[in-house]
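The values are calculated or read from the model by the stated rules, or taken from the named source; none is laboratory data. Note that the coordinates shown come from a computational prediction; the quantities given were computed from them, not determined experimentally. Positions of Cβ are backbone-derived with ideal geometry, glycine not excepted, and every protein chain shown enters the neighbour counts. These accessible areas exclude ligands, DNA and RNA; they are computed on the full protein's heavy atoms, side chains included. Shrake-Rupley method; radii C 1.70, N 1.55, O 1.52, S 1.80 Å.
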Amino acid sequence: MTIAAGQHELFIAELASAIRSHSQLPAFPSGITLEQAYAMLPDVVSLVCDTRTRGLKAGLTNPALQELFGLEDALMGLLFDWGECSPGSRLPYREHSQLECELGIVLNANRQPVSIGPAIEFVHLNFLRPEDFTPANLVISSLGADRYLCGKPTPWREVDFEALRDVVIRLERDGKLLQEVSAYDSLNGPERAVEWCVGEASRRGLDIVGGTLLLTGTCGSALPASPGDYIADYGPLGAVTFCVEGIDD
C-alpha cells in the first residue's frame, strides 16, 4: 500500500470519526498489510478515545474464521475508554451491532492476571464495500470495538481452572436461551488467552499498564444485539445483566 501523507491523515480522521459516531466506515485504501494496520491503529485510537485506551481485545479467535481469512493466528485491537458500561446498563439499539460473550481479565503492571469475570462486548462494524472486510482493515478499525461491560471480578488465584473447563456460559434474552458455550471456547481458555494476548501486545508494541482490561474473544458466536433484557450466566464466575432498548423504548 502506498498512500500520501495528507491522504493518510485524512483517512485516519474520517475512520476515527465514523467509529466514534457509529457511522458507515469510509472506503479503505487497497492493499494494507497487517503490519501496516497495526502501525496505524494507535493513530486511529488516539482520535477515538477521550483520554486513553482501557485495554486490549482479541478477535477472530475462531480457527475456522482464521482459515477463511488465510490467517494463522487471532487479531488484536484496543478498547475505548468511553465504551465501558456498568452491569445492568440500558443500552441503545444500534443497527450493525453484535454482542459477544467473553471473559474479562485484568492485568497488573507486570502483565500478570489479577482477576477474571464475565464480560459482554458490543461490536459495531459497517463497511462501505464488501472488499473492505479484510483482516488488516479489521485491525485498523480496532476489530469493531464499541461498548463493553464486565461483571464482578473473581481474584485469579481463587479460580479453579480445571472446574472452569466444565462451565457452560448461558446467554438468555427475555427468558429465551440464545446459546450455551464453553468458557474455554476462545483461545483455548483464559490461561492460554493471557499468554497469547500479552505476547501479541508486546510484538505489536501495544502498552499494558496496571489495570489493563483484556477481553479474550468470543465464546460461541457473535449475535445480533437485538432489543431485550439479557442475562449471561457464567456459573461460578457469576452473571451479568443488561438491556438493549428498542427504538421506541
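Residues in the range 115-130 that are in contact (Cβ under 8 Å) with a residue 24 or more places away in the chain and either assigned to a loop (DSSP other than H, G, I, E, B) or surrounded by fewer than 22 Cβ atoms within 10 Å (Cβ to Cβ) (or both): Ser115, Gly117, His124, Leu125, Asn126, Phe127, Leu128, Arg129.
Annotation: of all residues in the range 227-249 being open to solvent by 40 Å² or more (accessible area, probe 1.4 Å) and in a loop (DSSP other than H, G, I, E, B), the one that is farthest from Glu102 (Cα to Cα) is Asp248. As an exercise: evaluate Glu131 against (1) in contact with a strand residue (DSSP E or B) (Cβ under 8 Å, 6 or more places away or on another chain); (2) over 24 Å from Tyr93 (Cβ atoms) and give the number of the one condition it does not meet. Checking Glu131 against (1) in contact with a strand residue (DSSP E or B) (Cβ under 8 Å, 6 or more places away or on another chain); (2) over 24 Å from Tyr93 (Cβ atoms), the one that fails is (1).
Quick grid of which residues meet (1) at pLDDT below 95; (2) over 20 Å from the mean Cα position of the chain (by Cα); (3) not acidic (Asp, Glu):
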residue: Val114; (1), (2), (3): no, no, yes
residue: Asn126; (1), (2), (3): no, no, yes
residue: Leu143; (1), (2), (3): no, no, yes
residue: Trp156; (1), (2), (3): no, yes, yes
residue: Ile169; (1), (2), (3): no, no, yes
residue: Glu180; (1), (2), (3): no, no, no
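Restricting the range 142-182 to residues that are of a type in the set (Ser, Thr, Tyr) and in contact with a helix residue (DSSP H, G or I) (Cβ under 7 Å, 6 or more places away or on another chain) leaves a set whose member that is surrounded by the fewest Cβ atoms within 10 Å (Cβ to Cβ) is Thr154. Here the condition is being modelled with pLDDT under 90, open to solvent by less than 60 Å² (accessible area, probe 1.4 Å), farther than 23 Å from Gly189 by Cα and not in a helix (DSSP H, G or I); of Ile3, Ile32, it holds for Ile3 alone.
Go through (1) surrounded by 12 or more Cβ atoms within 10 Å (Cβ to Cβ); (2) in contact (Cβ under 8 Å) with a residue 40 or more places away in the chain and name the single condition Gly205 misses. Answer for Gly205: the failing condition is (1). So, of the residues in the range 87-114 that are in contact with a Phe, Trp or Tyr (Cβ under 6 Å, 6 or more places away or on another chain) and part of a strand (DSSP E or B), which turns out to be surrounded by the most Cβ atoms within 10 Å (Cβ to Cβ)? Per the stated criteria, the residue is Leu99. For the range 54-69, filtered to residues that are touching a residue at least 40 places away in the same chain (Cβ under 8 Å) and of a type outside the set (A, V, I, L, M, F, W, C), the residue that is surrounded by the fewest Cβ atoms within 10 Å (Cβ to Cβ) is Asn62.
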